Amino acid sequence: MILAPSLLSCDFIRLGEELAALEAAGLQWAHLDVMDGLFVPNLTFGPPVIRRMREVSRLFFDVHLMIERPERSLAAYAEAGADMLVVHVEAARHLARVLAEIRALGVKAGAALNPATPLSVLDYVLPDLDMVLVMSVNPGFAGQSFLPLAYNKVRALRRKLDEAGSSALIQVDGGVDISNAALLAQAGAAVLVSGSAFFKFPPYADRYKAFMAAVGSVDSGKNSRQEV
Ligand code: DX5
Ligand code: ZN
């Protein structure tokens with residue numbers, strides 16, 4: 001199990017220190033929520049901020065692009081230092097092409113699905129995916145309530161990926177906390193994103209351990225940038 005803290009809930013004025021604190025606490029991933037004010041009703045940060053973060057952090061940067069027309073800026077995010085680019089299927093008009101472009105940039109490729117989006121949109125791109133992000137809230141804000149529909153969606157996706165022989169990771173994002181982490185892991189999730197349920201409860205090393213204990217997993221040390 002990989003825990004990817006969502007920096008949307010960190011203290012932005014202390015961004016560098018927050019990144020360092022995550023690394024010191026043993027975390028391997030950071031989930032970066034990019035919002036454009038169009039695809040979602042909120043705005044966060046873009047390539048210049050990610051580039052500066054890259055200079056000070058060795059965490060695996062899992063970049064969740066909640067933006068319209070992602071094809072226009074994939075190269076900018078890859079050059080800024082993303083390790084994985086995750087596009088929303090609702091925003092990527094030519095999904096297969098976008099995924100191919102991401103991989104051609106030398107980074108991992110993921111597809112995100114809003115809660116109301118069916119899994120069938122992935123049927124013809126399964127071999128092109130390193131990760132599928134199942135949203136368990138409607139994207140745009142941290143601190144929303146978890147939508148339980150995610151459990152069955154993750155289970156069905158796990159079956160679909162197994163049948164296709166895909167080793168893509170399943171990620172769940174939105175309202176994840178210690179109370180639902182175990183069920184999500186059992187359903188087949190391999191990467192859990194947590195914003196408010198992580199950053200509100202320092203020290204981070206203890207919170208990380210509590211999440212891992214909840215899913216009955218120990219840090220294998222194999223989730224680093226080099227090994228993912
Ligand atoms: C929602 C974002 C999530 C969010 C998670 O649009 O994609 O990553 O910040 O925050 P919590 O865990 O508080 O729901
Ligand atoms: Zn996210």
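Got a number for residues in segment 118-138 being open to solvent by less than 20 Å² (accessible area, probe 1.4 Å) and within 16 Å of ligand 2 (Cβ to nearest atom)?
Residues in segment 118-138 being open to solvent by less than 20 Å² (accessible area, probe 1.4 Å) and within 16 Å of ligand 2 (Cβ to nearest atom): 7 in total.
As an exercise: evaluate Met1 against (1) open to solvent by 40 Å² or more (accessible area, probe 1.4 Å); (2) more than 16 Å from the chain's Cα centre (by Cα) and give the number of the one condition it does not meet.
Here Met1 clears every test but (2).
Can you find a residue that is within 12 Å of ligand 1 (Cβ to nearest atom), without any contact (Cβ under 8 Å) to a residue 24 or more places away in the chain and under 19 Å from Leu7 (Cα atoms) anywhere in segment 188-199?
Yes: one or more hits.
Please state which of the following conditions Arg72 fails to meet, knowing it meets all the rest: (1) free of Cβ contacts under 8 Å to residues at least 24 places away in the same chain; (2) within 12 Å of ligand 2 (Cβ to nearest atom).
(2)
In segment 63-77, which residues are buried (at least 20 other Cβ atoms within 10 Å of the Cβ) and either of a type in the set (Lys, Arg) or under 17 Å from His31 (Cα atoms) (or both)? Please lay out each step first, then the result.
Taking segment 63-77 first, the residues buried (at least 20 other Cβ atoms within 10 Å of the Cβ) are 63-67, 70, 74, 77.
Passing the criteria: Val63, His64, Leu65, Met66, Ile67, Leu74, Tyr77.
Within segment 26-43, restricting attention to residues that are of a type in the set (A, V, I, L, M) and surrounded by fewer than 21 Cβ atoms within 10 Å (Cβ to Cβ), which residue is farthest from ligand 1 (Cβ to nearest atom)? Walk me through how you get there before you give the answer.
Filtering segment 26-43 for residues of a type in the set (A, V, I, L, M) gives 27, 30, 32, 34-35, 38, 40, 43.
Keeping just the survivors that are surrounded by fewer than 21 Cβ atoms within 10 Å (Cβ to Cβ) gives 38, 43.
Working: Leu38: 14, Leu43: 12 Å.
Checking each candidate, the answer is Leu38.
Do you know which of the residues in segment 152-182 that are open to solvent by 40 Å² or more (accessible area, probe 1.4 Å) and among the hydroxyl-bearing types (Ser, Thr, Tyr) is nearest to ligand 1 (Cβ to nearest atom)?
Applying the filter and picking the extreme gives Ser179.
Can you tell me how many residues within segment 1-15 are polar (S, T, N, Q) and farther than 12 Å from Phe199 by Cβ?
0
The values are calculated or read from the model by the stated rules, or taken from the named source; none is laboratory data. All values derive from a computational prediction rather than experimental measurement. Here Cβ is always computed from backbone atoms with ideal geometry, including for glycine, and neighbour counts include all displayed protein chains. For accessibility, only protein heavy atoms count, side chains too; no ligands or nucleic acids. Shrake-Rupley method; radii C 1.70, N 1.55, O 1.52, S 1.80 Å.
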